[in-house]
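Have a look at the structure below before the remarks.
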Amino acid sequence: MDTPVGGPTGAAARAHSNIALIKYWGKRDEALNVPAVGSISITLDALSTDTRVTFVPGLRHDEFWLNDQRTQSKRVLGVLNLVRERAGLSFRARVTSTNNFPTGAGLASSASGFAALAVAASAAAGLTPSTRELSILARRGSGSAARSIYGGYVEMHTGTRPDGMDAFAEPVLDTDPWPLSVVVAITSHTAKTVSSTLGMAGSRATSPFYPAWVDTAKNDLADMRAAIATLDFPRLGELAEYSCLKLHALMLTSRPPLIYWNAGTVAAMHTVHELRQQGIAVYFTIDAGPQVKALCAPADAALVARALAETPGVQETRTSALGPGAYLMGAQE
Ligand code: PMV
C-alpha cells in the first residue's frame, strides 16, 4: 500500500485548552499517568491547538513539529504507539501541531495539545473511539488533556482501577446554561523551567502538605459540583481561589521549592482582590506558571481586562469565553 492510512493528508483536530477550578497535582500511577486526585475544569475558547497526524509508509521515525519547529517528545511518541497498537499499524507518523498562544508557560498547552493529538491520531489510524476512550488516551499524554476532550464544565475522575481505565473526564455542565469569562493576564512569555510532571513528583515526595492535599480533594470536588449545579458564582470563585492557593502552598513547600509566580503574578492577584472590594465578582486561579486567570461574568470582562492590563508586570491580557470539546477539523469546519 503506498497511500498513507486515513488518506494522503491524514486527519486534523482542534482542541481547546482548559483551566482547572479544582486542581490536580500528583499521580497515583506514573507509568499510566493516572492522577492522584480528581479535578474540575472549564474549557477555554480563545486558546487552542490544531494538530494534523499522517501515518506515512516508508517514514523511518515519527516526526513531531510544534509551532514549525522539529521537537522531540517521548509523550507524543507514547500516544502514537498506543494508537498504532490499537489500529494494528506499523507506519511512523508525521505530526504537526500549532498553538495560538504561548507554549509551556502555564497556559495548559499540553492539555489542548494532547487532546488534539488523541483525536487526530485516532482518526488518521482509522479508529472510531468513543469520547471516553479519547479522554483516557489523551490522559496518557497529559493529565489535564483528558478534560479538553469536552467543552464547558468538566470533571476528571481519578478512578481506582490499577489499569487506569476508570480515570477519564466527563462533562458536568454545558457552556450555554452558564457562560463565564476568563481574563488571562500574561506576565511572562518564557517557558517554565520545571515541568508539571517533575514538579508534582517532587511535591508528592517532599511536601509535608501532600497527604492533606489528597485527603481534602474529595470535599473540594463535591463543593464545586454543588456550586456548578446551583450556578452559584461567588461559591465557584471562592472555591477556585482556595484550590489554587492550596496547590501553590504545596508547590512552595516542596523541596526544592516550586515558585511559579513572578512579581506580576502577585500584583495581578491583588488587582483581583481590589476589584472584589469594589463590588465586582472576580476571582483568580493560577496553574504551574506565572499567568493569572481571572474568572468573571461576561459583562465584567472588559473592566477586569482593563484593570489587569494596567497592573505592573502584566504584559498582555486575553479574554476567553468557555469553549467546545475537541473535534476533527473538516467535521465541523
Ligand atoms: O496536565 P499536567 O499533567 O501537565 O498537569 C496540570 C496540572 C495543573 O495545571 C497545575 C492543574 C490542573 O489540574 O490542570
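Could you check the range 215-226 and list, in sequence order, the residues that are closer than 21 Å to Ala297 by Cβ, surrounded by fewer than 22 Cβ atoms within 10 Å (Cβ to Cβ) and aliphatic (A, V, I, L, M)?
Passing the criteria: only Ala226.
What number of residues within the range 203-212 satisfy the criterion of being open to solvent by 10 Å² or more (accessible area, probe 1.4 Å) and either modelled with pLDDT under 95 or not in a loop (DSSP other than H, G, I, E, B) (or both)?
Selection size over the range 203-212: 6.
Could you please tell me which pairs satisfy a Cβ distance under 6 Å, a separation of 6+ or placement on different chains, a first residue in the range 46-62 that is without any contact (Cβ under 8 Å) to a residue 40 or more places away in the chain, and a second residue that is β-branched (Val, Ile, Thr) and outside any strand (DSSP E or B)?
Qualifying pairs under 6 Å: none.
Considering every residue within the range 152-165, establish whether at least one is part of a helix (DSSP H, G or I), at negative phi and either away from the ligand (no atom under 11 Å from the Cβ) or open to solvent by 20 Å² or more (accessible area, probe 1.4 Å) (or both).
Among the residues of the range 152-165, not one is part of a helix (DSSP H, G or I), at negative phi and either away from the ligand (no atom under 11 Å from the Cβ) or open to solvent by 20 Å² or more (accessible area, probe 1.4 Å) (or both), which makes the answer no.
Take Asn99 and decide whether it is crowded, with 20+ Cβ neighbours inside 10 Å and not small (Gly, Ala, Ser).
yes
Please return the ranges of strands (runs of 3 or more DSSP E) entirely within the range 235-328 where 1 or more residues are open to solvent by 20 Å² or more (accessible area, probe 1.4 Å) and closer than 30 Å to Arg132 by Cβ.
By residue number, 316-321.
Output the residues belonging to the range 106-142 that are more than 10 Å from the ligand (Cβ to nearest atom) and among the polar types (S, T, N, Q).
Ser112, Ser122, Thr128, Ser130, Thr131, Ser135
Among the strands (runs of 3 or more DSSP E) confined wholly to the range 1-100, which include 1 or more residues that are more than 16 Å from the ligand (Cβ to nearest atom), hydrophobic (A, V, I, L, M, F, W, C) and in contact with an Asp or Glu (Cβ under 7 Å, 6 or more places away or on another chain)? Outline the logic, then answer.
Values: elements: 11-22, 27-29, 39-56, 63-66, 92-99.
Result: 11-22, 92-99.
Identify all residues within the range 147-175 that are aliphatic (A, V, I, L, M) and more than 21 Å from Leu117 (Cα to Cα); write none if there are none.
To start, the set of residues in the range 147-175 that are aliphatic (A, V, I, L, M) comprises 149, 154, 156, 165, 167, 169, 172-173.
The answer is Val172, Leu173.
Does Asp287 satisfy being over 20 Å from the mean Cα position of the chain (by Cα) and of a type outside the set (Ser, Thr, Tyr)?
It is false that Asp287 is over 20 Å from the mean Cα position of the chain (by Cα) and of a type outside the set (Ser, Thr, Tyr).
Report, ordered by the first and then the second residue, all pairs with beta carbons closer than 9 Å, sequence separation of six or more or different chains, a first member in the range 213-230 that is within 13 Å of Glu155 (Cα to Cα), and a second member that is open to solvent by 50 Å² or more (accessible area, probe 1.4 Å) and in a loop (DSSP other than H, G, I, E, B).
Note: pairs meeting the criteria are Ala226/Asp232.
Which of the residues that make up the range 132-151 are open to solvent by 70 Å² or more (accessible area, probe 1.4 Å) and over 22 Å from Asp287 (Cβ atoms)?
Residues satisfying the conditions are Arg132, Glu133.
Looking only at the range 166-197, count every residue that is surrounded by fewer than 20 Cβ atoms within 10 Å (Cβ to Cβ), within 14 Å of the ligand (Cβ to nearest atom) and either assigned to a strand (DSSP E or B) or modelled with pLDDT of 95 or more (or both) and tell me the total.
0
Out of (1) of a type outside the set (Lys, Arg); (2) in a loop (DSSP other than H, G, I, E, B); (3) within 13 Å of the ligand (Cβ to nearest atom), the odd one out for Ala145 is which?
The single condition Ala145 does not satisfy is (2).
The values are calculated or read from the model by the stated rules, or taken from the named source; none is laboratory data. As the structure is a prediction and not an experimental result, all values here were calculated from the model. For neighbour counting, all protein chains shown are included, and Cβ atoms are generated from backbone atoms with ideal geometry for every residue, glycine included. In case anyone asks, the SASA skips ligands and DNA or RNA and just uses the protein heavy atoms, side chains included. Shrake-Rupley method; radii C 1.70, N 1.55, O 1.52, S 1.80 Å.
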